[in-house]
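Worksheet for the structure shown next.
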Amino acid sequence: MTLVSNLTQKSIESILSSSVIASTESLAGHGEIEARGAIFTRSEVVDFILDLVGYTKDQLLHKKRILEPSFGDGDFLLPIVDRLLTSWQVSGGEGDALDDLGDAIRAVEIHRETFYSTYAAVVALLRQKGVVAQTATALSDRWLLRGDFLLAPLEGQFDFVVGNPPYVRQELIQAPLLAEYRGRYQTMYDRADLYIPFIERSLLALLKGGSLGFICADRWMKNRYGGPLRSLVAEQFHLKIYVDMVDTPAFHSDVIAYPAITIISREAPGPTRIAHRPAIDRAVLATLTDALCEYPLQENIGSVRELDRVPNGEEPWLLESLDQMALIRRLEQQFPSLEEAGCKVGIGVATGADKAFIGNFESLDVEPDRKIPLVTTRDIVSGEVEWRGLGVINPFHEGGGLVDLQEYPRLRRYLGARQDVIAGRHCARKSPANWYRTIDRITPALAKTPKLLIPDIKGEAHIVLEGGELYPHHNLYYVTSNTWNLRALQAVMLSNVTRLFVATYSTRMRGGFLRFQAQYLRRIRIPLWTDVTETLRLELMEAATRRDLHACNCAVHKLYGLSREELSIFGGNEE
């Protein structure tokens, strides 16, 4: 380890608990790529991002500072070093390289083996560029830091921060380290993944006028856990550029999450330039760079558009077209939300041990009132409910608490035979006395309530009416209502207006699939049922009964009173 790294490690250890240090060292030695959140970026995309932030060879880069928070195998770091050396040499490069360049780069990596292999690659690149061996080693010692970016001390601020922050879920972070992160970063909210505090620290490390360029999952731009980070950007920064990278081969491996490039500057807020799904081709990306960076943009032409006020406090970022945004805003101002209109959105039961709690309903050897018929996504693939006969064990009594197993000998025997699996769950270990509870409480009345069933991930809305006999599994969201007729509501939920709401607020998965989650369904606006005419009620119900999507769209367009201009958003005027 270098002298700088040793000093940094000592300063870290002086302020962190032994449990936190042990957690970081565990990450430092982790061999699995998934646990480290390492995704490797293609060189064309790296150059695109460096160009967008302005880290280009025609600048005096040795007079600037750039930070790479998680350098991995050097996808960003090595091109940065190459650009820096080229810029310095073109500008004269006659001074002492260590003095001129020593403060130009700071790059951090936590994974031990990766750090040393990339360190060697940096030294080799410097030697290739004509830097003598001793200076190459000294520069690498100055530039590179092995440690946890979220905990390591950083000196000064930076003109640029670029990279691909690690995509690590909270479940993979040990409790002491997670608590330390939460104490340091206001954006570590709810179930935020690790890249969220990476973005926070990187933004706050920028000099005034400095720019951040990241490629990472876009979930924080719309999800609940991204609210504090969106608020930080809205208050203190300018979202300059957003490039949607869905279904583009931006990485060396496939990823499920929906990636985006964001360029955020530490300056007064302003309009956002937006582009979608560029071809990963150097010539195409160079042309797109010119279009995104041209100021002022004369008009919204070609592949680049400009939107005002995309960051708006904690609100999800709406990055659709101007006409789509205008329609969404109009409907939000005119109509109540789904739940304000008397509908309830929920999600089915998670057990934590489906093989133990779920089985053939008739074969579940428990008391009759301890099992409930269960509906899953496989039961509704046809668009109607075709129950395959599964049931779920219900360990709760009507009052909400767990039943006494002494009063249910068959249930006690059934659960006892599977106790090792059931008691091994995280929720059971936290509360050993309640080892046999499902993760979610089961409310039998829900099974008897008519409901609309909606799978989480779908390319199109897939809304099925269930008449009040089955309990939903955790991969299904449901909507109930004491006001709206569910068949009429089904027509609304099947319509392209609902899809527009979900597409606007939802993150996408690979392949363009949308997340029909509760937080997005609750964004849908509908009229009060009392405000719907009898004629239109019948039209909605008949369209849904026939599962005629065209008829559903026509009826729903009347429901919202869409103008001809608004109808054009969906591809034309429908009579």
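The values are calculated or read from the model by the stated rules, or taken from the named source; none is laboratory data. As the structure is a prediction and not an experimental result, all values here were calculated from the model. Ligands, DNA and RNA are stripped out before the accessible areas are found, and what is left, the full protein with its side chains, is counted by its heavy atoms. Shrake-Rupley method; radii C 1.70, N 1.55, O 1.52, S 1.80 Å.
Distant-in-sequence amide contacts of Phe40, defined by a placed amide H-H separation under 5 Å and a gap of 5 or more residues or a different chain, comprise His252, Ser253.
Size check on the stretch 38-124: the Cα extents along the three principal axes, sorted descending, read 36, 26, 19 Å.
Once C-alpha pairs closer than 8 Å and six or more residues apart are averaged by separation and normalised to the residue number of the stretch 100-227, the relative contact order reads 26 percent.
Pairs from the list Lys63/Lys208; Lys222/Lys430; Lys129/Lys240 with a Cα-Cα gap above 26 Å: Lys222/Lys430; Lys129/Lys240. Each Cα pair under 8 Å and six or more residues apart adds its separation to the average, and for the stretch 313-469 the resulting relative contact order is 22 percent. Over the stretch 206-245, what portion of Cα pair distances is larger than 13 Å, expressed as a whole percent? So the pairs more than 13 Å apart make up 61 percent of the total in the stretch 206-245. Would you please state the base-10 log of I(q)/I(0) at q = 0.12 1/Å for the stretch 87-234, with intensities from the Debye formula using one equal scatterer on every alpha carbon? Log10 of I(q)/I(0), two decimals: -0.60. According to the calculation over all Cα-Cα pairs in the chain, the P(r) per 20 Å bin from zero is 18, 43, 30, 8, 0 %.
Here the ratio of the Cα radius of gyration of the stretch 372-484 to 2.2 N^0.38 Å is 1.21. Entry comment: accessible area of the chain is 43 Å² per residue, from protein heavy atoms only and a probe of 1.4 Å.
Summarising the strand pairing of the chain, around 65 percent of its internal DSSP beta bridges are antiparallel.
Would you compute, from DSSP H runs of 4+ residues alone, the mean residue ellipticity of the chain at 222 nm, taking -39500 (n - 2.57) per run and dividing by the full residue count, rounded to the nearest 500?
Only helices count here, giving -10500 deg cm²/dmol.
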